[in-house]
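A quick write-up on the structure given underneath.
The values are calculated or read from the model by the stated rules, or taken from the named source; none is laboratory data. Small disclaimer: the values here were computed from a predicted structure and weren't measured. Please note: Cβ atoms are built from the backbone with ideal geometry, for glycine as well, and neighbour counts cover all protein chains shown. Ligands, DNA and RNA are excluded from the accessible area calculation, which covers all protein heavy atoms including side chains. Shrake-Rupley method; radii C 1.70, N 1.55, O 1.52, S 1.80 Å.
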Amino acid sequence: EERGLTRDAVLDSLLRAANIQVVWEPLRYLNVHYRDLRNPALVVDGKTVALPLAAHMIGGRMVMPIKPLISALGAVARWDGKTMTLTVSKGGKTVALTVGKPTMLVGGKPEAVLAPRLEESMMVAEPRPLVEGLGGSVRWDTMRNTLFVISTPEAPETPEATAPTPEG
């Protein structure tokens, strides 16, 4: 304030001279932040998996596009367009899901599930029965809004699990 200018006046002059516009939009940030929090994340064996459609709830159960999950699990999928059935195999285990049928076949035995459906030409189904039918496990983390999938017992659960510890 040596010349009678306040700090704010100097900053305002500099911003105008540089043609910089500072916009304070806390609601835009919060909307993006909370939108991302509402969309559940999927982590398979410690790696985040991108989903082409957001996972969502149907009748109190989470459903998601299962193609990215199958790929992340390292499973092999075969689609039968006539019967609308997806057969998934991994490590000698086989699971078959049919669009619109509330049962899936696990090793040839029926198991009740929420009927898979097609959304935007993608099969959407519950991840838990599929993963468990292939020998994996699933854990929901409410605080992170994240579904953690472990394809094999020795796979790391979270990225932090593979980080080195201070002890070495």
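Some points to look at:
- Largest first, the residues Ile58, Ile70 sort by 1.4 Å accessible area into Ile58, Ile70.
- Nonpolar atom fraction for the stretch 94-157, defined as the carbon and sulfur part of the 1.4 Å probe accessible area, stands at 55 percent.
- Using a Förster distance of 22 Å, the FRET efficiency for Asn145-Trp79 (Cβ separation, nearest 0.05): 0.15
- Spin-label pair Glu111/Ala50, simplified geometry with 7 Å Cα→Cβ offset, distance in nm: 3.0
- Between the beta carbons of Arg38 and Lys101, assuming R0 = 22 Å, the FRET efficiency works out to 0.15 to the nearest 0.05.
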